[in-house]
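Encoded as structure tokens, the structure appears first; notes follow it.
The values are calculated or read from the model by the stated rules, or taken from the named source; none is laboratory data. Just so it is clear, the structure is predicted and the values come from calculations on it, not from any experiment. Virtual Cβ from ideal backbone geometry, glycine too; neighbours counted across all protein chains shown.
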Amino acid sequence: MLEVVIGDSRFFACEACGMVYSSKDLAKECEAWCNSHGSCNLDITKNAIGMIRRAGLRIGRPRP
């Protein structure tokens, strides 16, 4: 889980897909799901407030 700080606000992001949440628990739940299923869960991601992109995030299909 990544911690994202914007101004005085703290957010949390799933390291697997980059979805950003206001709750640390939701970010952990998202990351656990992504890592065990290789996909995102719509019931979890509907709570996301945004998405980040950075090197190393698993977005889309892995390239051979």
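Within region 1-23, residues that are more than 17 Å from Ile44 (Cα to Cα) and touching a residue at least 24 places away in the same chain (Cβ under 8 Å) have Cβ atoms under 7 Å from residues that are β-branched (Val, Ile, Thr) and outside any strand (DSSP E or B) in these pairs: Val4/Ile52, counting only partners at least 6 apart in sequence or on another chain. With respect to the conditions (1) surrounded by 14 or more Cβ atoms within 10 Å (Cβ to Cβ); (2) at pLDDT below 90, Arg61 falls short on a single one, namely (1).
Note on region 1-50: residues that are part of a strand (DSSP E or B) and not basic (Lys, Arg) total 13.
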